[in-house]
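What follows is one structure encoded as structure tokens, with my remarks underneath.
Throughout, read-outs are computed from the coordinates displayed, never taken from laboratory work. Since this is a predicted model, take the numbers as computed values, not measurements. So basically every Cβ, Gly included, is an ideal-geometry build from the backbone, and we count neighbours across all protein chains shown.
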Amino acid sequence: MHKRLFTPGPTQVRAEILKELATPQIHHRAPEFSDLYADIQTKLQTVLSTKNPVLLFTSSSTGAMESAVTNLVAKRCLNLVNGAFSKRWHEITTGNGVPCDVFELPWNVAVKPEMVDEQLSSGKYDAVTLVYNETSTGLMNPLEEIAKVVARYPDVFLLVDAVSGMAGVPIETDTWGIDFVLAGVQKAFALPAGLAVAAVSERALERSKTVPSRSYYFNLPLMHKSHLKNQTPSTPSIPHMYALNAQLKDMLSEGMERRFARHAKMAAIVQTWAKKHFDIFPEEGYWSQTLTTVVNTREIDVPGMIKTLADEYNLRIANGYGDIKNKTFRIAHMGDTQIDEIEGLLKAIESVLGL
């Protein structure tokens, strides 16, 4: 039997969206495909508050992360690390031979604007990577404030992983001056995994033409050349695109402000509950609006609780990630999840734990 997902990716997908994956196949060089691509494009630009191109990657978010650092670092990259996925971005950067340095913090500590300012003042960097919403910790870094700092350094490009934030919290791409912001669709977009999106600034596209090619599949100039024709360089996952287009239509019908408000309300409910019964992992003031990482202050059997929820209630939450596995557990409140569903989940957890 299907387990209702409250995991921070993949998230629950509505049945009507799953049906879109069964849309009869079309050829990716046919006019119908270009129409589909163009329709998706305008909707994504609305969601991301941007006039920039929003490129589609038939890959996980990791592919888009790789594209950013392999195409947009001409001199040296600063990798801001305070969680598992910001650490992954550093590993991607070094793994591709891109010159970089890491600025690392404890996983429960947010990256502060003054920290970024101090690092960039060295003049060594022309790009900086930041995870907006760290899926491993439930910590939301202050993107808008950090973007203001980066803007003081005109030659430094801001590359943002918004994987578990995009479509759940506001991202003012153009106003904040973000050069590359990416996400996979299996989190707050509430779609099946397999597609990533990234808004890319015009100046980033210009730089990508001057950086020696480090990739073919994730080559931004090639992708943008096809994008101008409402195409992709290679065969994309067309079923995912049908599902994305339908979901974007529904998101915009809900209204992005209402969608963001629903996420904020669900976050408040879960975080109030977590403080009452346990604790919250990140420092206060930087809690995620899309998932909560709960500290296991009661020293419960986290795998046992997760199994009981799945077996007896058909509900699935997530253990902690990496170094904080079993020391924490994670509850996602993102995508198409509704307030009553979150309240029901919390009651089920209370029942399992005898709270």
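Structure notes:
- Whichever lysines have a C-alpha closer than 25 Å to that of residue 43, once near sequence neighbours (fewer than 8 apart) are set aside: 19, 51, 187, 225, 229, 249, 265
- Nonlocal amide H pairs with residue 287, under 5 Å, H built at 1.01 Å: 140
- For the range 122-132, 3J(HN,Hα) per residue [Karplus equation, 6.51 cos²θ - 1.76 cosθ + 1.60, θ = phi - 60°, Hz, x = Gly/Pro]: 5, x, 7, 10, 10, 7, 9, 9, 9, 8, 5
- Cβ-placed point charges (K, R +1; D, E -1), dipole of the range 228-304 about Cα centre in debye, nearest 20: 360
- Exceeding the 21 Å Cα-Cα cut-off - candidates 75/209; 148/275; 112/276; 112/148: 148/275; 112/276
- Using 0.36 nm per residue and subtracting the Cα-Cα separation, the extra length available between residue 151 and residue 206 on full extension is 18.0 nm.
- Projecting the Cα atoms of 64, 99, 213 onto the charge dipole of the range 16-253, computed from C-beta unit charges around the Cα centre, puts 213 farthest toward the positive end.
- The H on the amide N of residue 280, modeled in the peptide plane, is under 5 Å from the matching H of 295, each at least 5 residues off or on a different chain.
- Computed about its Cα centre, the charge dipole of the range 16-253 is approximately 540 debye, with only Lys, Arg, Asp and Glu carrying charge at their Cβ.
- For the range 161-304, the calculated P(r), taken from all Cα-Cα distances in 5 Å bins from zero up to the bin holding the longest distance, is 2, 8, 13, 16, 17, 14, 11, 8, 6, 4, 1, 0 percent.
- Placed amide H near residue 333: partners under 5 Å, 5+ positions off or other chain: 291, 292
- In sequence order, calculated HN-Hα J values of the range 153-160 (Karplus, 6.51, -1.76, 1.60; Hz; x Gly/Pro): 10, x, 8, 9, 9, 9, 10, 10
- For chymotrypsin sites (Phe, Trp or Tyr not before Pro), the sites in the range 214-252 that DSSP calls loop and that have at most 16 other Cβ atoms within 10 Å are 216, 217.
- Anchor residue 307: lysines whose Cα lies under 17 Å away (excluding residues fewer than 8 positions away in-chain): 3, 325, 327, 347
- Panel note: the C-alpha atoms of the chain, placed on their principal axes, show extents of 61, 53, 33 Å (largest first).
- Counted as membrane-span-like here are DSSP H helices of the chain whose alpha-carbon atoms extend 15 Å or more along the helix's own axis and whose Kyte-Doolittle mean is 0.0 or above; these are 61-72, 302-313, 339-353.
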